[in-house]
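First comes the structure, then the notes that go with it.
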Amino acid sequence: MEKFALTLQSQPAIDAYLAEHHLMPYEKGILSEIVSAISGGDAEKIKWFAGFGDCFRAITMNLNEHRHALEFGFTDIAFNEYGWFAAPKFLEREDIKLEQSEVRIGCGPNGLWAYALSCNYGTAGSSGPLCVFCKKFNSRDEALETALNDMKAQMTKYLGNPDTCNYKQDVLQKTLKAIAALEVSRVQLSLF
């Protein structure tokens, strides 16, 4: 198989890729930017795009992640050993245990905060990474409050669930109590 190289002559390859794939709106937008650079004969811009990967999928996904990283103030462009965008490390990261579940919060260089949850319901659960695709918040308190409300809603949703193997009621109750205790301690700290 011939190695892919994005060049000013890549228009037919882009047309074929667009025809053969069902793309996300951000992918179509980035490919449109590449087409504009090709139409304008902008070799420097094409070289910049090409620096994000060795195929259209890698270029669009890596550039999309880089642009989300910029929203948090992360400006470095780096890739892991597999050619994917290296996830930036959030500053002031905190992992807050709530029984068997966890809230992760962190801040970007520009002061915007994000959160991610790891919910354990007993045997069932859900988890997501703290990353540049998380919702942005202006402060630590705003991110943490929203995270706790989200965790509370997740736990409450399964209270009384008849599937007590996956949704252990004692785990749900203990997590809700841990959230309540954390909320009380946050209020007490704000009084001083």
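Counting only residues that are basic (Lys, Arg), under 13 Å from the mean Cα position of the chain (by Cα) and either open to solvent by less than 40 Å² (accessible area, probe 1.4 Å) or farther than 30 Å from Cys55 by Cβ (or both), region 79-123 holds 1 of them.
Identification of helices (runs of 4 or more DSSP H) wholly contained in region 1-75 with 3 or more residues that are touching a residue at least 24 places away in the same chain (Cβ under 8 Å) and within 21 Å of Cys131 (Cβ to Cβ) yields 25-39, 56-71.
Yes/no per residue for (1) modelled with pLDDT under 95; (2) in contact with a Leu (Cβ under 7 Å, 6 or more places away or on another chain):
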position	(1), (2)
Thr7	yes, no
Val35	no, no
Asp42	no, no
Lys47	no, no
Asp54	yes, no
Phe72	no, yes
Ile77	no, no
Trp84	no, no
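Among the candidates Thr156, Thr164, the residue that is among the hydroxyl-bearing types (Ser, Thr, Tyr), open to solvent by 20 Å² or more (accessible area, probe 1.4 Å) and at pLDDT below 95 is uniquely Thr164.
Could you list, in sequence order, all residues of region 7-20 that are of a type outside the set (S, T, N, Q) and surrounded by 13 or more Cβ atoms within 10 Å (Cβ to Cβ)? Across region 7-20, the qualifying residues are Leu8, Ala13, Ile14, Tyr17, Leu18.
The values are calculated or read from the model by the stated rules, or taken from the named source; none is laboratory data. From a predicted model like this one, the values you see are computed outputs, not experimental measurements. Neighbour counts are summed over all protein chains in view; Cβ atoms, including those assigned to glycine, are modelled from backbone coordinates with ideal geometry. We work out accessible area using only protein heavy atoms, side chains counted, and drop any ligands, DNA or RNA first. Shrake-Rupley method; radii C 1.70, N 1.55, O 1.52, S 1.80 Å.
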